[in-house]
Every structure is written in C-alpha cells, then in structure tokens.
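First comes the structure, then the notes that go with it.
The values are calculated or read from the model by the stated rules, or taken from the named source; none is laboratory data. Everything numeric here is computed off the predicted structure, so don't read it as measured data. Cβ sites come from the backbone with ideal geometry, for glycine too, and all protein chains shown count toward neighbours.
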Amino acid sequence: MRQRLRDHADPLDRPVPGRRRQGRSDHGASHAGLYGHRARRRHAIPGVAHPHLSPREGLVTPHFPGFRLPDELLALREQIRRVVRDEVIPVEQRIDPDAPELPDEDYQKIAAKTKAAGLWALGAPEQYGGGGLDTFSMCVALEEMSQHRMGLYNPGCGVFGRYPPPAIWAGSKEQIAKYAVPTIRDGLKTFFAITEPSGGSDPAGAIQTRAEKRGDRWVLNGRKVFTSRAHDAPWGLVWARTDRAKGRGGISCFILERGTPGFTAKPIKVIRTSAIPNDVTLEDCEVPAENLVGAEGQGLDLAFDLLVKNRFPYSACNLGVAVAGHRMAIAHAKQRSTFGAPLSQRQAIQWMLADAEVELRACRWIIWEGAWKADRGEDARVEASIAKLYSSEVLGRVIDSAVQIHGGYGVSKEFPLERWYREARVRRIGEGPSEVHRMVIARSLFR
C-alpha cells in the first residue's frame, strides 16, 4: 500500500518521459527563444496526462487536470470514517464526556476489528508490523481519525494503534526490538520528556537535567514538566545534558522505564483530560549504558527531528476536529430557527461558516504541502511551523464559531464542542507556542 500511495503523493515529484520538442525547425543554438533563453527540449510537467500545444511556436503549455487523492487512500479514509462513526462515537456517547480513554473492554473489541481489517499502526514501518504509510498519507488518515470527542488528544481513542516517539528509530536494533516493536504490536502508551521548568521552546538552552556516566550506567538527576502519559506509560525517552561544556552538542537521549528507582511522575491538572501531562522528577535515576539512544551528544538533533515529524500529524488532528465542529455548526444552522427563519438564512451565521470553510481548505493544503516536502526528505522545519501555527489558530476560531452558533448547547457537555473548545486552547501552546513558530517563520524570511 505504501508504494501505491507514494506514487500519488506529490504530483510534482514523479519522473515522466521527456517529450519531443515542438516548434520551429530553425530554433538552433544561435536563436534565442522566449524571454531570451535558447530553445531547448522541454519536458512535460509531472502528473500531466495530455499536454496541449499553444498557438505560440515552440511553447508547450500542458494541461494539468488537477490533483486528487489516490483510490487506495480514499478507500482507507472511508474505512477509518466508518470505524469512528459506527464504533468509537457510540461508546463515547454513553461514558463520561471527560473520559480520557474508552473502557478497556470496548477498546479491545474495536482494536481487534481494526487489526483484522489491516488498519492497525498504519504509520509504523512495515518491517515492524505497521502499514508503512508516509507523512502525507498519515495526515489524511489522522484528519479522519480525530473527528470525535476525544480526538484532539486521543485520535481514534487508540483503536488504530499507537506509536513510539520517532527518536527511537535512531536506536540500536536491540532497542527497537525491545521497545518499539512491542509498542506497535500492543498499542502501548509512551512518553518523551524534553520540557523543563526553565522552558520548553528552547531545549538547547533550557535543559538542565544531568546525566553522569558511572561505570556501565548513566545516572540522571533533574526535573521535567508537562510530560504527557508519563504516569501510566511503560517506557519513554528522556533528554539530559551529558556534557555541559559542549552546549548544544552536550545533550543526549535515554530510554527510561516506568518503575525505575528515582523516577516519579505526578499528573498535573489542566483543562484537557486526555494525554494527561506530568511533573517528572529524576533523583539518582540509574539506567544501563545501552539505554543511550543514538550517539552521546546527538540528543538535540533527535529532539528537533521528533518535534518536526510530530507537527504534521499534530496539525492534521487540529484540522480534523475543526472539520467536525464545522460540520456540526452547519447541521445546527440548518435545523435551528429564530424569529421565523432558520439560522442558515442569517447573514451573520452564513459569513461565520463561510470564513470557517475558507480557512479549513487553506489549512488542509498547508499541511499537505509540508508533509509532501518532509516525505521527499527535504528540510521541512519552516513548513512544520507554518502548519502547526495556522492549524492551531484555525481550530480555535472554527470551534469558537461553532460554539457561538450552537448557543447554550455549545457549552453543554451533551455535545463535544465544549471539550474541543477547552482543549483547542492548549493547542496554541503545546508543540511550541504560536509566538515561537512566528519567530521561526520570520527568521527564515531574512536568511
């Protein structure tokens, strides 16, 4: 499936055979062509099926019929939609509206169905039991997976599988086999601990947690904050400073198991109820030397790689929840009447919905364009910041409008809008605050 989807992933990234030059026979080396460039063989733009000649001599103006998702990805998206609609949402409707997870019995039942249907761990590498989908395809899938009450911080409620922190793939074969493979196979929760009380947006300067080598072990001391799932995940990754004199090159990454002496995680009460953040303390916490991920001093690169890779799926979930809220607002405006006319006929409501529709469409293409670039192996850090910044702010605006259109029902726990409204506010802070992403974007403009 991965290769077939990849073949359709980016219409500007597929080789096509060159086409024979068209035009005047006297366009030789001594004759300048259009805009002063010498005439040369022209190649069709990738993705163009039937180029047509313009009336101008020697100029090919191919007709691009437009991009569409490949049939395989459309079918996958529909399968995910049915599972969320027919399996996940009915369970959510009968449990506490602030529940962080599905009841285990329901989770296991639905997860068994997704495994049987080949929908489990779609984004994990194929050699480790996953579906092997690329970043773009996973963004399409996650937009659909997140369209339910818990979807912003628990897309699909985990019934489509869970993933280890991406940095683990820089580890040894033994580390991958011991930690990553069981996580993918069993849908285990994990955590990654980067942010500290001194800050989170600048890990190079903010990380104060220390790791000291003592014989065949590393001893960790320090504190991490807002570490999601650290209280109930069996393992995770911790970033610590191994050489203070080396600055950015003195930060390393370690695997830490729950239950390790000296490791404590205390949940922090916040306005979201899924993926609970924790205050983590490390006091003479010993880990084996083989728990170092990658090379000593490689930690900062692994951290940035993790954050960039996470921002496109993160943004896709923002988009998915915004789409779901927008759909609810449209449906409510059609059936709710005031002063003898449906809300859908009120210009104030129409414009709110129209603005939301425009922003959602723009948001989707911003995410897709960045995901395509990441899949090509290019530097997509700026695109990741643009996607995260825009999607989190669009989410806030769209959900706010949906709440307003629903009136009192919008803040009732009977509807998911109330939960989305609270959790959407966190999205402008988590994975880097909007202000920092604006700095990243602006810095790229003046290089």
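Brief remarks on what is shown
- Odd one out for Ala275, checked against (1) touching a residue at least 60 places away in the same chain (Cβ under 8 Å); (2) in a helix (DSSP H, G or I); (3) surrounded by fewer than 22 Cβ atoms within 10 Å (Cβ to Cβ): (2)
- Scan of the stretch 78-121 for residues that are among the β-branched types (Val, Ile, Thr), more than 21 Å from the chain's Cα centre (by Cα) and assigned to a helix (DSSP H, G or I), ordered by number: Ile89, Val91, Ile110
- Every residue from the stretch 407-423 that is crowded, with 17+ Cβ neighbours inside 10 Å and either of a type in the set (Phe, Trp, Tyr) or under 20 Å from Ala333 (Cβ atoms) (or both): Gly410, Phe415, Pro416, Leu417, Glu418, Trp420, Tyr421
- All of (1) over 16 Å from the mean Cα position of the chain (by Cα); (2) among the hydroxyl-bearing types (Ser, Thr, Tyr); (3) buried (at least 17 other Cβ atoms within 10 Å of the Cβ) hold for Ser444 with one exception: (3).
Here's the yes/no breakdown for (1) assigned by TED's automatic domain parsing to the domain that holds Ser315; (2) within 27 Å of Glu383 (Cβ to Cβ); (3) free of Cβ contacts under 8 Å to residues at least 60 places away in the same chain:
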residue: Leu102; (1), (2), (3): no, no, yes
residue: Gly118; (1), (2), (3): no, no, yes
residue: Ala124; (1), (2), (3): no, yes, no
residue: Ala141; (1), (2), (3): no, yes, no
residue: Glu144; (1), (2), (3): no, yes, no
residue: Gln147; (1), (2), (3): no, yes, no
residue: Lys178; (1), (2), (3): no, no, yes
residue: Thr209; (1), (2), (3): no, no, no
residue: Trp218; (1), (2), (3): no, no, no
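- Candidates in the stretch 190-202 are the residues that are crowded, with 20+ Cβ neighbours inside 10 Å and not aromatic (Phe, Trp, Tyr); of these, the one that is farthest from Val225 (Cα to Cα) is Thr190.
- Of all the numbered requirements in (1) in contact with a strand residue (DSSP E or B) (Cβ under 7 Å, 6 or more places away or on another chain); (2) in the same structural domain as Val426 (by TED's automatic domain parsing), Val280 misses one, and that requirement is (2).
- Take the conditions (1) in contact with a Gly (Cβ under 8 Å, 6 or more places away or on another chain); (2) touching a residue at least 24 places away in the same chain (Cβ under 8 Å); (3) within 22 Å of Ala275 (Cβ to Cβ); Gly396 misses just one of them, which is (1).
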